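The values are calculated or read from the model by the stated rules, or taken from the named source; none is laboratory data. The structure displayed is predicted, hence computed values, not measured ones. Heads up, the Cβs are rebuilt from the backbone with ideal geometry, glycines too, and the neighbour counts pull from every protein chain shown. Accessible surface is based on the protein model in full, side chains and every heavy atom, while ligands, DNA and RNA are left aside. Shrake-Rupley method; radii C 1.70, N 1.55, O 1.52, S 1.80 Å.
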Amino acid sequence: MSENDAHDVIEVITAKRDGQVLTDSQIDWVVAAYTRGDVADEQMSALAMAILLNGMQRAEIARWTAAMIASGERMDFSSLSRPTADKHSTGGVGDKITLPLAPLVAACGVAVPQLSGRGLGHTGGTLDKLESIPGWRAALSNDEMLAQLEEVGAVVCAAGDGLAPADKKLYALRDVTGTVEAIPLIASSIMSKKIAEGTGSLVLDVKVGTGAFMKQVDQARELAETMVGLGQDAGVHTVALLTDMSTPLGRTAGNALEVRESVEVLAGGGPADVVELTVALAREMLAGAGHEDVDPADVLASGRAMDAWRAMIRAQDGDPDAELPTGRETHVVPAPATGTLSRLDAMAVGMAAWRLGAGRARKEDPVQAGAGVEWHARPGDEVREGEPLLTLHTDEPERFERALASLEGGYEIGASHEPGPLVIDRVAGAVR
Ligand code: URA
């Protein structure tokens, strides 16, 4: 019997359907056979649903992750003269943190190899944001990436097709079969790409709240512990922060709008929550890479992170001095009453930005660089009736109506506001 017919797909599906633990050999076989095309999409979707319903044990998740890594190439940064650290966010609204964070950590002496994706649904994609900078190019060869990491210290670029191809296929399938939300599948999907990418240490920003995958802290903690365990088992120093995503980050959601806000942070200004999270994640990345003696807040204030940003954009043919695109049309939403903004819902804002053209419904759709939402107050701020609360931007004014509909019920003005912490918890070890 050849390796290709070591198992039968029905045997693997029914084992998981009946709540059994899959063997290493079943897992290796089914992931490889699906990647080759010998297991059909409908069979893999049945297995993904069985995993969603019945879960997986820790050892099964580790083996599934290893099988997805083995489906493609692994990058190797061991020739670099500095250590490497990366960050991954599970996705949120207004989450532009990678933009100031990568150059900040590079300016602190640690190389950041960040392979990013494009946005799907209500959360934005880092590559879409950077592509709003005239000339900037997301596709780099492995050699270009290595050279830029040595010279500039930070790279944000598109993951090539060679990295965890099993995940690429499976993620697209999960997206259309209602099986995205399975913790074993999310954890193995994220960690297979990060381990294959070859970073020495990793910080995970696991979002919690209405605008995140994980709406509850307990679910987010379980995902964080699973991913931290997978990273540690693979020899990658991995820590996770659980951070609030009930309110969107900063003051903007949309591609060029978020680049502008990130540049403000690099220039020493910008919204306090974006600065706080950037510095908190930078501290974790530096500690993971053995550079805990460097204070990222000092480096941010010194302007060296801005120098690294400019070098990083130029190295990928972008013009850091070019004017950023703006939406051709704007629509202002006034505050309906005077008082304290007590709630601004991340999901409502994310949906509005998406409907204005900042995001895409299908992965082939284009995005508008200038589209998005700007909010003029954050929860806790005083607002006055009739003054601007939100500004919507788009090139296509017919989009305003649906964007406004998604904002209905998405904000409240009251007498007071009790702010919760931005960083809710830190997970540095896994439950075994
Ligand atoms: N991001 C990923 O890369 N994979 C998932 O499964 C979910 C979010």
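Annotations
- Relative contact order of the chain, taken over Cα pairs closer than 8 Å and 6 or more residues apart, is 20 percent.
- Apolar share of the accessible surface for the chain: 50 percent from carbon plus sulfur atoms, 1.4 Å probe.
- Simple spin-label estimate for Q219 and D307 gives 4.5 nm between the two label positions (7 Å along the Cα-to-Cβ direction from each Cα).
- The chain: proportion of alpha-carbon pairs further apart than 40 angstrom, %: 17 percent
- Region 308-325 and region 259-275 have Cα centres separated by 16 Å.
- Across region 322-329, rounded Karplus estimates of 3J(HN,Hα) from the backbone phi angles (6.51 cos²θ - 1.76 cosθ + 1.60, θ = phi - 60°) give 5, 5, 7, x, 10, x, 6, 10 Hz, Gly and Pro being marked x.
- Residues whose amide H falls under 5 Å from that of L390, counting only those 5 or more places apart or on a different chain, are V333, H376, with hydrogens built in the peptide plane.
- Extension reserve of the E385-V21 stretch, reckoned as 0.36 nm per residue once the Cα distance is removed: 125.1 nm
- Calculated over region 3-55, the projected area of the Cα convex hull averaged across directions stands at 3.2 nm².
- Placing one equal scatterer on every Cα of region 165-263 and applying the Debye formula, the log10 ratio I(q)/I(0) at q = 0.22 Å⁻¹ is -1.18.
- Looking at region 139-226, the GluC sites (Glu not before Pro) that sit in a DSSP loop and have at most 14 other Cβ atoms within 10 Å of their own Cβ are E181.
- Spin-label pair E396-A361: with each label point 7 Å from Cα along the Cα-Cβ axis, the two points sit 0.9 nm from one another.
- For region 329-414, the convex hull spanned by the alpha carbon atoms encloses 83 Å³ per residue.
- Whole-number accessible area per residue in Å² for region 213-275, which is evaluated in the context of all protein chains at 1.4 Å: 32 Å²
- Centroid-to-centroid separation of region 1-61 and region 109-183 [C-alpha atoms, Å]: 27 Å
- Most to least accessible of D244, D307 (protein chains only, probe 1.4 Å): D307, D244
- Neighbourhood charge, 11 Å Cβ-Cβ cut-off, centred on R63 and excluding it, Lys, Arg +1 and Asp, Glu -1: -3
- Positive-end extreme of charge dipole, the chain - chosen from T179, P113, P421 (charges on Cβ): T179
- Between Q57 and A158, the modelled label-to-label distance comes to 4.1 nm, taking each label 7 Å out from Cα in the direction of the beta carbon.
- Of the listed residues E408, E131, the order by accessible area with a 1.4 Å probe, largest first, is E408, E131.
- Gain upon complete extension [T177, S81; 0.36 nm per residue less C-alpha separation]: 30.1 nm
- Magnitude of the charge dipole for region 3-55, about its Cα centre and with charges confined to Cβ atoms of Lys, Arg (+1) and Asp, Glu (-1), is about 240 debye.
- Computed per residue of the chain from DSSP H runs no shorter than four, each worth -39500 (n - 2.57), the mean residue ellipticity at 222 nm is -13000 deg cm²/dmol.
- Size of electric dipole in region 311-415: Cβ of Lys, Arg +1 and of Asp, Glu -1, about Cα centre, debye, nearest 20: 340 debye
- The relative contact order of region 329-414, computed from alpha carbon pairs under 8 Å that lie at least 6 residues apart in sequence, is 49 percent.
- Working from Cα pairs under 8 Å separated by at least six residues, relative contact order for region 275-432 is 27 percent.
- Around the amide H of K87, modelled in the peptide plane, lie the amide H atoms of V203, all under 5 Å away and 5 or more residues distant in sequence or on another chain.
- One decimal place: the segment R74-I10 gains 20.0 nm when fully extended, by the rule 0.36 nm per residue minus the C-alpha distance.
- Choice from R36, R310, R343 showing the highest fluctuation, given a GNM over the chain with Cα pairs closer than 10 Å: R36
- Sorting Y34, Y411, Y171 by solvent-accessible area of protein heavy atoms yields Y171, Y411, Y34, largest first, with a 1.4 Å probe.
- Greater than 22 Å apart at Cα, pairs in K16/K194; K129/K207; K193/K215; K16/K215; K16/K363; K129/K215: K16/K194; K193/K215; K16/K215; K16/K363; K129/K215
- Set against the 2.2 N^0.38 Å expectation for a compact globular protein, region 169-209 has a Cα radius of gyration ratio of 1.31.
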